[in-house]
Protein chains: 2
Amino acid sequence: MLTDRQLLLLQLIIDDFIETAHPVGSRALSKKDKIPYSAATIRNEMADLEELGFLEKTHSSSGRVPSEKGYRYYVDHLVSPISNPEGIKFINDIMKDGFFEFEQIVQMSAEVLSELTNYTSIILGPELNSTKLKQIQIIPLTSHTAVAILVTDTGHVEHRSFSIPDVIQPSVIEKMVNILNDRLQGVPIVQLEEVFHKEITNLMKKYIQDFDKSYEYLKSIFTQEHPVKIYVGGKSNILLQPEFNDVNKIRAFYAMMDNENEIANLLKNSKHGIEVTIGNENEFEAIKDFSLITASYQLGKGQLGTIALIGPTRMEYKKVISLLSSLSKEMSEALYKWYKSYK
Amino acid sequence: MLTDRQLLLLQLIIDDFIETAHPVGSRALSKKDKIPYSAATIRNEMADLEELGFLEKTHSSSGRVPSEKGYRYYVDHLVSPISNPEGIKFINDIMKDGFFEFEQIVQMSAEVLSELTNYTSIILGPELNSTKLKQIQIIPLTSHTAVAILVTDTGHVEHRSFSIPDVIQPSVIEKMVNILNDRLQGVPIVQLEEVFHKEITNLMKKYIQDFDKSYEYLKSIFTQEHPVKIYVGGKSNILLQPEFNDVNKIRAFYAMMDNENEIANLLKNSKHGIEVTIGNENEFEAIKDFSLITASYQLGKGQLGTIALIGPTRMEYKKVISLLSSLSKEMSEALYKWYKSYK
DNA sequence: ATTAGCACTCTGTCGGTGCGAGTGCTAACA
DNA sequence: TGTTAGCACTCGCACCGACAGAGTGCTAAT
């Protein structure tokens, strides 16, 4: 168990390192107001803290740097989230505006968040397996192309172009759309293809003449990939951090960020509440040098999405944690308002 | 006027520098097969070429490096675009597939291009002022929201959500849509708002009861920003170039790439054919260290879009110019095919 | 238990040195 | 007169040693 003095020191060391990115030495620490101990005493304590695994040295005679275990302890026990009135006000102001689309709210939030923190923000849309189809429409464009409009219960609107058989009457299309709506409303997006195949096909055959000819075309609406939507803000913020003076690190970071699937995987295990993963705690090699803070936001009937910040392990946890929790709350609220108006 | 020998030397120097990124010295040059002259002779010629402004030294006793004027001359007179069978085959293979959407073709092209060149590719959608509305549809979603589907004559499909007055009958919406389609078909996207305001309003008032109530709502369809679509491929390719070992340069580059408007400005002055701007030739500060190669592609009735590559001034012009011209041709063809099928 | 003092360690910087690549110039040559 | 060999000179760069600065660990005194 750590003594009070050790806790104090650990906290101050990490605070200091987070601020300056320089290893913290005993002498500088002893000069701080809060510290009545001499440098020597601090050195002894530091040696103990190092032995316990909370601190590290970059070389044998350098100052101390927090280890991942140190950050972990810091985040779990020592961080007192500071309130951030300006940040929250900023968020409030933004959220006050009316929004028409889910996308707007989310993209805006991502941008605000990265702006306020100077880290990179990532927002994942609501989980697909809980998002359901609300409505489907088909609009013929030309004699043999059409666009299908899918609307989800989260208000997400999507269009998918597809081709249609040469000779198909508008009235037939209308009929088909009616059947689709009748049967597919409320079906989770990820199951659309399956349900279409299993339930709709036979029904269609009964009511639509020559449906076989249309089958493949119609099917393509549901087989087209439904990519997880990812919203990113402040991609280049990471370049402002001194630890990313190394071109190779930058390369690794951007290689990861260019791969949306990987990002989605990174975030999709998120649970309720705020979660912090530090460096190697994360299972993905690509971000073993980073910290990831995730929070979930809520949309309507309890569908969850994830909002995250990615930055160096030397992250301003204090500031960021409180900001993220305000933002996720504000976002959920804005989304709720929007959701209600949209219902 | 340059002598033949000077031309040869200039060409070889630039070729060499493009390949290696190292300043080219007289001795190394004299060893090349094509060169029967001694290092001393070459030194004299180099001095002349430098005096003429085609070459530069990085320091007083370094080898020579092409100046921007040098690159310019090289591009204008010395580049013999090499054919690139594999690249072209690759492009052909990709373009062979059927596409449903304009977006697919374009995004694919951007990715192929950056893959083949290792530079960053940017493709600008067709100019807005030549893109016209083909069809508009309005689909009510809830009692007071609806989504408008705009289809352009380039096959671009776009949806815009908006709110609708509380009490409006579906039949009324249908009527409005009919009027809109009747009057707005063929109107350039950028003029939609104006035409709506000037021509439609009165018409609507005549045929639609209580149109005043709907005016603002309907108008918002046309006032929502219609952003220029930009497709980017290989954003992180630039990091592979040795000249971008400098974090500040990287920062500048990504700052620019994050700003879509700036990119659009960069490219929108493009004319027919292939154009190369080298370093400071470009009017934008942000890319004074870069070269930009643009080509235009054609879509249907002569609407032009721009396809571009951005990389270091030390770019493989030979390879890139031929690739870009093939790709723009292939793209135009694929788009034409698609356009025809879409008509 | 705390602290002052001291020897020690490691980093980063600064000046110097030597090497390699390259230049410019001059004089000799064809 | 154009070309070339030779040579002195210039930089950049890598390496080295010295040294200051920051920091540590340990010991002995308080």
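The values are calculated or read from the model by the stated rules, or taken from the named source; none is laboratory data. This is a predicted model, so every value here is computed, not measured. Cβ: placed from backbone, ideal geometry, glycine included. Neighbour counts: every protein chain shown. For accessibility, only protein heavy atoms count, side chains too; no ligands or nucleic acids. Shrake-Rupley method; radii C 1.70, N 1.55, O 1.52, S 1.80 Å.
Results, tabulated for the structure shown:
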| read-out | value |
| --- | --- |
| Subset tally (residues that are within 11 Å of DNA strand D (Cβ to nearest atom) and outside any strand (DSSP E or B)) for region B:49-74 | 6 |
| Odd one out for residue A:300 among (1) out of contact with any strand residue (DSSP E or B) (no Cβ under 9 Å at 6 or more places or on another chain); (2) in the same structural domain as residue A:160 (by TED's automatic domain parsing); (3) in contact (Cβ under 8 Å) with a residue 12 or more places away in the chain | (2) |
| Qualifying residue in region B:328-335 (condition: modelled with pLDDT under 95, part of a loop (DSSP other than H, G, I, E, B) and of a type outside the set (Lys, Arg)) | no |
| Flag for residue A:237 being under 24 Å from the mean Cα position of the chain (by Cα), part of a helix (DSSP H, G or I), surrounded by 13 or more Cβ atoms within 10 Å (Cβ to Cβ) and in contact (Cβ under 8 Å) with a residue 60 or more places away in the chain | yes |
| Number of the exception - residue A:83 against (1) among the hydroxyl-bearing types (Ser, Thr, Tyr); (2) more than 14 Å from residue A:14 (Cβ to Cβ); (3) within 16 Å of DNA strand D (Cβ to nearest atom) | (3) |
| Region A:40-69, residues that are free of Cβ contacts under 8 Å to residues at least 24 places away in the same chain, surrounded by fewer than 18 Cβ atoms within 10 Å (Cβ to Cβ) and away from DNA strand C (no atom under 14 Å from the Cβ) | A:50, A:51, A:53, A:69 |
| Condition check for residue B:68: closer than 30 Å to residue A:224 by Cα and under 23 Å from the mean Cα position of the chain (by Cα) | no |
| Count - residues of region A:241-259 that are in a helix (DSSP H, G or I), more than 22 Å from residue A:306 (Cβ to Cβ), at the interface with another protein chain (Cβ under 8 Å from one of its Cβ atoms) and open to solvent by 10 Å² or more (accessible area, probe 1.4 Å) | 2 |
| One residue from A:266, A:184 being open to solvent by less than 80 Å² (accessible area, probe 1.4 Å) and more than 24 Å from residue A:296 (Cβ to Cβ) | A:184 |
| Residue among A:5, A:72 that is open to solvent by 30 Å² or more (accessible area, probe 1.4 Å), within 15 Å of DNA strand C (Cβ to nearest atom) and away from every other protein chain (no Cβ under 14 Å) | A:5 |
| Given (1) within 14 Å of chain B (Cβ to nearest Cβ); (2) over 30 Å from residue A:239 (Cα atoms), number of the condition residue A:110 does not satisfy | (2) |
| Tabulated pairs, region A:201-229, first among the small types (Gly, Ala, Ser), second open to solvent by less than 100 Å² (accessible area, probe 1.4 Å), C-beta under 7 angstrom, 6+ apart or interchain | A:214/A:165; A:214/A:168; A:220/A:162 |
